[in-house]
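So the structure is just underneath, and the comments pick up after that.
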Amino acid sequence: MKFSGFRVFAEALKGNTGWRPLWRDPEPKSDYDYVVVGGGGHGLATAYYLAKAFGQSRIAVLEKGWFGSGNIGRNTTIIRSNYLLPGNEPFYEFSMKLWEGLEQELNFNAMVSQRGVINLIHSDSQRDSFRRRANAVILAGADARLLSREELRAMVPFLNFDNARFPIRGGLLQPRGGTARHDGVAWGYARGADSHGVDLIQNCEVTGFRISDGKIRGVETSRGYISAGKVGVAVAGSSGRVMAMAGMRLPMESHVLQAYVSEGLKPVLPGVITFGAGHFYISQSDKGGLVFGGDIDGYNSYAQRGNLPVVEHAAECGLALMPMIGRARVLRMWGGLMDMSMDGSPIIDRTNVEGLFFNGGWCIGGFKATPASGYAFAHLLATGSPHQTARAYRLDRFSRGYVIDETGTGAQPNLH
Amino acid sequence: MLIPHPILGSRDAREFIYLGDVRLLDRPDATRSDAEHSFCDYVFLRDNPAGVHRELWFHEQGDRSWLVVTRNTTTHEILGAELARDVALARKRSAQ
């Protein structure tokens with residue numbers, strides 16, 4: 001079933017009776033070559049690229065709940081590739097390139113909108129550090145532009161430029177950054193994987209790994225044992241819990257990050273604005289809601305909901321930055337589980353169990369990585385070697401001293 | 001969240017700063033031959049349980065004491081709090 005403008009038109013004439021479910025609902029088989037644990041964005045993308053880009057077959061995705069029930073449905077939909085460090089930036093730029101072709105690739109409307117991402121500058125030293133970041137971004141083949149105060153004011157005149165504590169002196173713009181429709185990304189990858197023969201299995205919780213002689217044999221699930229040649233785990237905030245079943249302790253803690261959306265308003269925000277000094281960022285959805293967030297709550301949590309102090313803090317920051325939103329009412333808020341790693345960067349690697357692979361530690365920034373994470377993980381699963389842009393994401397980088405610490409805050413997960 | 005401070009009574013969690021797993025009290029012995037390995041575990045690896053978690057909180061905007069708080073990470077229910085000093089001393093005594 002191919003989506004097109006013509007199809008929409010033809011269906012309208014037939015009373016929309018021709019639409020079919022986007023994917024099958026197969027019973028799990030007893031045996032697969034590849035089992036991907038976790039049917040979120042990363043897991044579905046992994047299965048899709050395994051089948052499509054690497055020509056593999058006999059693949060299953062096992063999901064405890066429904067597809068997109070985790071962080072792919074709980075994020076703030078921002079895509080960007082404006083990282084500083086050489087271990088990160090080529091990977092995120094690879095992801096951005098995949099975003100740019102995603103809808104054609106999947107024949108699915110993921111509403112990728114490159115409306116620009118602005119990081120605000122408040123001091124001379126911050127401008128210097130952003131200039132350095134911009135140069136690193138450009139060196140990696142991505143785009144970055146330093147904006148003067150006047151240029152920024154022309155783009156976003158409603159900001160409080162003369163805030164006493166954090167006066168706005170300029171901005172770092174990534175014009176190709178923007179937003180995407182988060183659920184659409186999950187559904188698009190699921191549909192794509194299904195059409196390439198991947199078995200997508202929902203309501204199937206992995207309850208254990210069967211390991212013998214240091215090799216993975218399969219997974220125990222709530223729907224019976226499934227044997228597997230290779231198992232890839234991509235379960236985001238539940239990484240610690242799932243990998244503990246394989247006897248592993250991970251360099252990460254699970255934390256809760258909250259996000260908020262206001263009632264629908266007329267278009268006011270041209271793109272994404274981040275106010276790092278105040279722990280606040282905001283964009284506007286196509287429905288008109290202001291989508292915003294702040295920092296993680298800062299303590300270990302598996303609750304998928306946070307506490308009021310952080311809500312208050314984010315609201316205060318928002319009001320300090322954009323006084324005009326003072327009368328907008330918050331419509332909804334929610335929390336997602338972040339697998340906060342010890343250096344703030346992800347892990348895509350094999351483990352000490354042969355055939356068991358791990359993808360996680362995405363901290364607060366996993367959404368933008370979805371396409372590249374899936375591609376790189378599929379590369380690792382299919383070929384046994386890391387994708388060239390994901391070589392730094394090794395599990396043993398902590399013991400070897402090759403951490404990728406973008407914020408420079410050390411082994412303190414709640415500061416990344 | 002309200003943290004039941006053993007000296008000051010119930011205090012708002014926003015007066016505190018969170019550090020992490022209470023195992024950070026168990027600093028490895030730097031003189032042992034496997035110190036490199038054990039320090040790597042100590043600095044980077046965490047149990048990260050879903051459920052009861054014992055963790056270090058610092059009462060920064062209060063009496064600046066370190067507490068060991070027992071909390072359920074799936075519900076945020078706080079089950080108790082002790083002075084980290086008492087916990088550390090008790091461990092030292094039991095290790096002797």
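The values are calculated or read from the model by the stated rules, or taken from the named source; none is laboratory data. Here the structure is a predicted model, which is why all the values come from computation and not from measurement. All Cβ positions, even for glycine, are placed from backbone atoms using ideal geometry, and neighbour counts span all protein chains on display. Only protein heavy atoms, including side chains, enter the accessible area calculation; ligands, DNA and RNA are left aside. Shrake-Rupley method; radii C 1.70, N 1.55, O 1.52, S 1.80 Å.
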Identity of the residue in segment A:249-282, under 23 Å from A:Asn359 (Cα atoms) and open to solvent by less than 10 Å² (accessible area, probe 1.4 Å), that ends up farthest from the other protein chains (Cβ to nearest Cβ): A:Gln258
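Give the residues of segment A:398-413 that are more than 22 Å from B:Ile17 (Cβ to Cβ) and hydrophobic (A, V, I, L, M, F, W, C), sorted by residue number.
Those that are more than 22 Å from B:Ile17 (Cβ to Cβ) and hydrophobic (A, V, I, L, M, F, W, C): A:Phe398, A:Val403, A:Ile404.
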State all residues of segment A:361-386 that are in a loop (DSSP other than H, G, I, E, B) and either within 18 Å of the chain's Cα centre (by Cα) or at pLDDT below 95 (or both); if no residue qualifies, say none. A:Gly361, A:Trp362, A:Cys363, A:Ile364, A:Gly365, A:Gly366
Residues of segment A:4-50 being in a loop (DSSP other than H, G, I, E, B), surrounded by 17 or more Cβ atoms within 10 Å (Cβ to Cβ) and of a type outside the set (Gly, Ala, Ser), in sequence order, are A:Leu22, A:Trp23, A:Pro28
Considering only residues of segment A:395-416 that are within 12 Å of chain B (Cβ to nearest Cβ) and under 20 Å from A:Ser301 (Cα atoms), which is most open to solvent (accessible area, probe 1.4 Å)? A:Leu415
Criterion violated by A:Asn71 - all others in (1) open to solvent by less than 30 Å² (accessible area, probe 1.4 Å); (2) closer than 18 Å to A:Phe358 by Cβ satisfied: (1)
In segment B:26-80, what residues are within 22 Å of A:Ser399 (Cβ to Cβ), surrounded by fewer than 16 Cβ atoms within 10 Å (Cβ to Cβ), more than 10 Å from every other protein chain (Cβ to nearest Cβ) and touching a residue at least 12 places away in the same chain (Cβ under 8 Å)? B:Asp26, B:Arg27
Conditions (1) open to solvent by 10 Å² or more (accessible area, probe 1.4 Å); (2) among the hydrophobic types (A, V, I, L, M, F, W, C); (3) in contact with a Ser or Thr (Cβ under 6 Å, 6 or more places away or on another chain); number of the one not met by A:Ala372: (1)
Assess whether A:Gly237 counts as being at pLDDT below 95, touching a Leu at 6+ places or on another chain (Cβ under 7 Å) and within 14 Å of another protein chain (Cβ to nearest Cβ). yes
Which of the following residues is modelled with pLDDT of 95 or more and under 22 Å from A:Thr179 (Cβ atoms): A:Leu139, A:Leu120? A:Leu120
Residue list for segment B:6-25, filter: part of a helix (DSSP H, G or I) and open to solvent by 40 Å² or more (accessible area, probe 1.4 Å): B:Arg14, B:Arg23, B:Leu25
Scanning segment A:287-324 for residues that are more than 14 Å from every other protein chain (Cβ to nearest Cβ) and open to solvent by 30 Å² or more (accessible area, probe 1.4 Å) gives A:Lys287, A:Ala315, A:Leu319, A:Ala320, A:Pro323, A:Met324
Which of (1) under 28 Å from A:Gly335 (Cα atoms); (2) open to solvent by 30 Å² or more (accessible area, probe 1.4 Å) does B:Leu83 not meet, given it meets every other one? (1)
Members of segment A:137-171 that are of a type in the set (A, V, I, L, M, F, W, C) and more than 15 Å from A:Met322 (Cβ to Cβ): A:Val137, A:Ile138, A:Leu139, A:Ala140, A:Ala142, A:Ala144, A:Leu146, A:Leu147, A:Ala154, A:Ala164
